[in-house]
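Below is one structure; the comments refer to it alone.
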Amino acid sequence: MKTYKTASGSYNEDELAIVVWRNPDSRKSSQARFLETMTSEDSEFPMAFPIKSLTSKKEWALAARASSMQSVVDYIPTSTRTEPMIIPLPIARETFGWDTFYVPSEFTT
């Protein structure tokens, strides 16, 4: 299991997650990406955050949290920017095949 060291501490990959939602424009254009996620000006890769930080914020506390590839498949069709899904890195890797994530050096709550 990968460990990410940041100015805020060290995190195992299963302690970090990305936030994903269905792109509403994907229904209008075949060239639009099906999914969206948060990225940074510093990187094109999906931005990962500590799960505890995400779930402690009011805006994310009620977001669906993936526990398996199947839960991602079940929820993604109805996810939106205001009702996204929190996906731990191991599940994102398994579901989407994504291997690279941007982990900011500092996290604030």
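Of note:
- Selection within the range 39-51 - surrounded by 15 or more Cβ atoms within 10 Å (Cβ to Cβ) and within 10 Å of I18 (Cα to Cα): P46, M47, A48, F49, P50, I51
- D14 of a type in the set (D, E, K, R), in contact with a helix residue (DSSP H, G or I) (Cβ under 7 Å, 6 or more places away or on another chain) and either part of a helix (DSSP H, G or I) or closer than 20 Å to D99 by Cβ (or both): yes
- Criterion violated by M85 - all others in (1) at pLDDT 85 or above; (2) out of contact with any Phe, Trp or Tyr (no Cβ under 6 Å at 6 or more places or on another chain) satisfied: (2)
- Residues of the range 65-84 satisfying the condition of being closer than 19 Å to P24 by Cβ, of a type outside the set (D, E) and not in a helix (DSSP H, G or I): S79, T80, R81, T82, P84
- Any hit, the range 52-62, residues being of a type in the set (A, V, I, L, M), surrounded by 11 or more Cβ atoms within 10 Å (Cβ to Cβ) and in contact with a helix residue (DSSP H, G or I) (Cβ under 9 Å, 6 or more places away or on another chain): no
- Conditions (1) modelled with pLDDT under 85; (2) in contact with a Pro (Cβ under 6 Å, 6 or more places away or on another chain); (3) among the hydrophobic types (A, V, I, L, M, F, W, C); number of the one not met by L35: (2)
- Residue count, the range 90-109 (criterion: at pLDDT below 90 and surrounded by fewer than 15 Cβ atoms within 10 Å (Cβ to Cβ)): 5
The values are calculated or read from the model by the stated rules, or taken from the named source; none is laboratory data. Since the model is a prediction, treat every value here as computed from it, not as a measurement. Positions of Cβ are backbone-derived with ideal geometry, glycine not excepted, and every protein chain shown enters the neighbour counts.
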